[in-house]
Amino acid sequence: MTSTKQILGEQVALNADVVGYSRLMADDFEATTNTMDELHELVTAKVAEGDGIVANFVGDSFMAVFNDAIDAVKTSIAISTDIEVRNADVPQSRQARFRMGLDQGAVGVSEGRYHGDALNIAARIQAIAHPGGMSVSGRVYRALDEPALRFTPIGRQRLKNIPEQIEVYEFVDLPTEGRITTERRTLSLESPTLAVLPIHTEGADDAVRGAASVIRADLVHRLAQVPQLVVVDANSPDGAGHVETTARYMLDSGVHQAGDAVRVYASLIDVTTMNVVKAHKWTTRVDGVFALSDELADEVARAIEIELVVGEPAGIYAELDDPVAIERIYLGWYHLTTNTREGWARALGLFEQVAESHPDRPYGHVLSAFANWVGAANGWAPDRGGALLEARDQARIALEMGDPTGMARAVEAAILMSEGRVDAALVAIEDLEIIRPTCDVTFGLEGSVRRYLGQWEEAVDLVDVAMRLTGVNKPWYPTVKACSLFMGGRLEEAASVAEAVLEHQPNNLEALLVLAGAQSELGMDRRARATAQMIREQFPSVDVEAWLDGSPYQDQEIVERWKKDLVSAGAIEAD
């Protein structure tokens with residue numbers, strides 16, 4: 001028997017798998033078998049239309065290979081779209097849909113069996129795709145270079161049995177289902193979603209069940225007051241569906257009654273891992289359950305606010321032991337994250353009130369310093385020079401009080417950097433001392449300064465720390481990270497992070513410039529030109545070349561390289 005081996009060369013591999021196949025088979029073997037026969041027919045026809053080859057179709061999964069990325073992606077879209085049309089006439093419990101993953105690389109065939117890393121990686125990417133959706137590797141994304149096809153970057157992924165991390169992008173125009181996981185949203189820029197489940201009252205008498213209903217209503221009401229937290233009431237007509245598809249967290253609560261004693265509990269659960277993040281419990285008498293409601297709602301809401309939104313710094317601010325001051329600090333943070341002049345003005349006013357009410361504590365002063373610097377840096381302050389002077393004065397007051405967060409020194413360094421006093425900024429950064437390393441802004445500011453100094457690796461590490469410390473990140477953290485990665489030549493990661501930022505802040509000039517530069521160097525000329533067009537449309541009065549020259553980057557080679565990329569993309573006019 002003659003052995004037949006063939007190296008096909010660079011190919012795009014498509015791997016697909018039916019979601020919930022075992023359940024479908026268990027529910028109705030014959031119907032599922034007929035469905036798979038229909039899907040086999042559909043896949044075979046669509047792959048052939050796309051000039052591809054079905055490498056195999058076994059059970060609930062298939063592999064196909066294509067010469068071109070665009071053919072592979074269009075075929076995947078066609079398959080998924082046709083399946084959704086079919087599902088419109090099928091009960092939800094019987095609907096079948098594929099997860100699909102694509103990678104590009106060398107593929108060979110031996111005795112009719114296809115092999116190659118691209119096939120393995122496509123299978124691993126498929127496993128993390130949404131039901132009904134398609135995700136592709138960075139290699140496929142770059143090979144497409146088609147602005148009309150919209151993808152969302154989900155970051156570098158560790159895939160089973162694949163030694164290197166793989167950059168993955170999700171196609172956004174398919175009607176996918178499924179929940180968002182921690183790994184898929186590493187930047188944490190979106191507002192967290194919390195589903196409040198029905199309260200458990202098994203074994204409780206009528207009086208306790210009535211009080212439990214009030215407790216749950218108070219919980220929902222109080223949680224709805226937490227800015228940037230999306231609350232889904234699972235008791236509402238539409239709530240149950242959102243719990244399954246969009247909620248990242250669940251609040252499970254209940255009451256247990258033993259005679260006249262009642263135990264009330266509430267647990268915050270991470271849906272992606274089903275781990276309990278926070279747990280609370282209270283013990284009271286039957287006649288005290290109703291009176292417990294307000295205290296319980298406040299305690300749970302504050303704990304969730306700290307865990308999911310405000311982050312680690314909340315522990316420091318709580319030392320003020322002044323609920324009004326703490327509330328002002330939290331509200332100030334929320335207003336700052338709006339990234340507007342109005343939000344900044346409100347935040348500054350709130351922080352100044354804290355400084356006035358607690359003049360002997362550093363927190364109000366350091367926050368006022370930071371807010372003044374933000375106002376100056378973004379052009380929101382009516383008097384930029386005055387804002388920087390006030391920022392410097394407030395930072396010095398905080399330093400004299402022994403600011404444990406390190407933020408005051410970081411603000412000082414940022415001011416010096418913005419003034420072009422590079423040596424002094426470097427001294428300030430090197431003098432930075434963090435006694436309580438829980439303030440995300442300190443690490444973010446230091447990362448920003450070191451980015452300008454050309455220390456891009458340190459900048460990436462510092463910004464990663466900042467993003468781990470806070471529940472909902474400030475978009476300038478990943479912006480600094482994207483810029484730092486671009487400086488270091490990690491272009492695919494830089495583009496991915498920049499695109500994620502632009503989903504939340506489409507008018508972020510620096511993120512757009514990073515994206516256009518990275519796309520240009522990656523050879524994605526059409527995407528780079530499309531990004532440059534966005535820059536011209538959104539910032540028609542901005543001289544991009546002057547903007548780059550005015551930024552305090554110390555490595556002029558990087559600036560010149562960036563300009564060259566932007567000239568190629570069309571964001572800067574060629575001389």
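Of note:
- Selection from segment 522-575 of residues that are surrounded by 16 or more Cβ atoms within 10 Å (Cβ to Cβ), part of a helix (DSSP H, G or I) and aliphatic (A, V, I, L, M): 528, 530, 532, 534, 535, 544, 548, 558, 559, 566, 567, 569
- Residue 283 passes every criterion in (1) closer than 25 Å to residue 437 by Cα; (2) modelled with pLDDT of 90 or more; (3) not charged (D, E, K, R) apart from (1).
- Scanning segment 23-37 for residues that are touching a residue at least 40 places away in the same chain (Cβ under 8 Å) and β-branched (Val, Ile, Thr), we see that the one that is nearest to residue 57 (Cα to Cα) is 35.
- Taking the criterion of being more than 15 Å from residue 483 (Cβ to Cβ) and either of a type in the set (Asp, Glu) or outside the structural domain of residue 567 (by TED's automatic domain parsing) (or both), the residues of segment 502-530 that qualify are 503, 525.
- When 408, 355, 387, 428 are checked against the criterion of being among the hydrophobic types (A, V, I, L, M, F, W, C), in contact (Cβ under 8 Å) with a residue 24 or more places away in the chain and closer than 28 Å to residue 553 by Cβ, a single residue qualifies: 408.
- Residues in segment 477-498 that are without any contact (Cβ under 8 Å) to a residue 40 or more places away in the chain and among the β-branched types (Val, Ile, Thr) were compared, and the one that is surrounded by the fewest Cβ atoms within 10 Å (Cβ to Cβ) is 479.
- Per the listing 107, 65, 43, 47, the residue uniquely crowded, with 21+ Cβ neighbours inside 10 Å, in contact (Cβ under 8 Å) with a residue 60 or more places away in the chain and among the β-branched types (Val, Ile, Thr) is 107.
- Flag if residue 555 is closer than 29 Å to residue 462 by Cβ, in contact (Cβ under 8 Å) with a residue 40 or more places away in the chain and more than 28 Å from the chain's Cα centre (by Cα): yes
- Counting only residues that are more than 20 Å from the chain's Cα centre (by Cα), among the hydrophobic types (A, V, I, L, M, F, W, C) and modelled with pLDDT of 85 or more, segment 124-183 holds 3 of them.
- Residue that is farthest from the chain's Cα centre (by Cα), among those in segment 304-326 that are under 13 Å from residue 357 (Cβ atoms) and at pLDDT 85 or above: 322
- The set of residues in segment 398-446 being of a type in the set (Gly, Ala, Ser), outside any helix (DSSP H, G or I) and at pLDDT 90 or above consists of 402, 406.
- The lone exception for residue 76 - which of (1) closer than 21 Å to residue 128 by Cα; (2) crowded, with 17+ Cβ neighbours inside 10 Å; (3) of a type in the set (S, T, N, Q); (4) more than 31 Å from the chain's Cα centre (by Cα) it fails: (4)
- Restricting attention to segment 270-301, the residues being under 31 Å from the mean Cα position of the chain (by Cα) and surrounded by fewer than 19 Cβ atoms within 10 Å (Cβ to Cβ) number 12.
The values are calculated or read from the model by the stated rules, or taken from the named source; none is laboratory data. Since the structure is predicted, the reported quantities are computational estimates derived from the model, not experimental observations. Note that we place each Cβ from the backbone using ideal geometry, even for glycine, and neighbour counts take in every protein chain shown.
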